[in-house]
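Readers should treat all values here as calculations from the given coordinates under stated rules, not as data from a laboratory. None of the values given here were measured: they were computed from a predicted structure. When we count neighbours, we look across all protein chains shown, and the Cβ atoms used for this are built from the backbone with ideal geometry, even at glycine.
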Ligand SMILES: [Mn+2]
């Protein structure tokens, strides 16, 4: 069998921004490539939507992009195998197997946009289960675990304990951080490490990390397909083009095809030493001119990350980027950060701004705080934390109090 693999389309990302259509265009391109390559099925390990409650416009455009899969056809049969039951899953076109990511999960009882897509038959969404894909006399078992809070990931994995099936190809999908890949200052601390992964799988695919990477763990291939769209623009992500990975179950090999149309990304880290404003601006300008010296079909995404120190008496505010940003706004999408270190106070403020930029970060920090605070009370571990947190975040104090009283 041939399997198309792509991840983290983050539908609805930058809904009001210049790149609003990128997420939908790239998802359509991903599915289009899979149709061209005549894959038997596709897998998409999480973060289908950028926020838990996407707008109707986002939902509309998402359905349009996912419908691309109806252009193709597949002769496989799908069965959901859970708790010793085997149930056939109907589909049209080429099926897309998905798990949820950390961006779209709302607790067990709340339906999400992913549930809506699942019901409409555009994707097959499952969690902590296995779907067997059968074609003639070949069988591929796809195990999937949707995102769980990082702190609980190892515990959940050990409890779930997926076991590869004999005489079949075995795939395992995750959407978690892994210690080996996380920056030390990342607030999403991972509990999983590559050593914790169960043995005997042919291919383990992890969403969540937005850059592409492939490595061997014994006989297992461990694959990060990367995101189809860049959200936070990490350096690693800018080094390889975005696209689709393909897995051949006979050859046990990964191949890659880039999206024909994509926004090129550049990432620059600049370090200054006692610099004045003019020299900082000049260096930025030279870098931009060099990035823009080649032709780009879509405005490139250029990130400049400045560090170091400015001349005595100067502060970041004295490096005025407004004119410079204006000058280039028709040629590139610029994202410039000034992290000149002159006082720890300013650094704190910029750290807060970084956190504020992403609702998710606030939510995860909030969740961890709540968990920590609760540990110091008599409520113990009995409360459904995720539910309580969502209720508090929605200001539903009555329902939150009721939940706490139950315990
Ligand atoms: Mn993601």
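With each pseudo-label sitting 7 Å past Cα toward Cβ, what's the residue 264-residue 401 distance in nm, one decimal?
Between residue 264 and residue 401, the simple spin-label model gives 6.1 nm.
On a 0 to 90 degree scale, rounded to 10, what angle separates helix 56-66 from the longest Cα axis of the chain?
60 degrees
Rounding to the nearest 10 and keeping the result within 0 to 90°, find how far the Cα-based axis of helix 277-291 lies from the longest principal axis of the chain.
Approximately 40 degrees, to the nearest ten.
Order of 245-252, 222-229, 13-20 by packing, highest average Cβ count within 10 Å first?
Peptide ranking by packing, descending: 222-229, 245-252, 13-20.
Any idea what angle helix 344-357 forms with the longest principal axis of the chain, computed on alpha-carbon atoms, 0 to 90 degrees, nearest 10?
Compared with the principal axis, the helix lies near 40 degrees.
Once you have the Cα-Cα distance between residue 108 and residue 292, take 0.36 nm times their residue separation minus that, and quote the gain in nm to one decimal.
Roughly 61.5 nm would be gained on extension.
Can you pull the one-decimal nm distance between simple spin-label points at residue 234 and residue 136, each 7 Å off the Cα toward Cβ?
Between residue 234 and residue 136, the simple spin-label model gives 4.0 nm.
For segment 17-75 and segment 249-322, what is the separation of their C-alpha centers, rounded to whole Å?
29 Å
For a bin width of 10 Å, list the pair-distance distribution of the chain built from all Cα-Cα distances, rounded to whole %.
Values per bin, smallest distances first: 4, 20, 29, 25, 15, 6, 1, 0.
To the nearest 500 deg cm²/dmol, what mean residue ellipticity at 222 nm is calculated for the chain from DSSP H runs of n ≥ 4 alone, each contributing -39,500 (n - 2.57), summed and divided by the residues?
-8500 deg cm²/dmol
Modelling each spin label as a point 7 Å along the Cα-to-Cβ direction, I'd like the residue 155/residue 64 distance in nm, to one decimal.
About 4.4 nm separates the two model spin labels.
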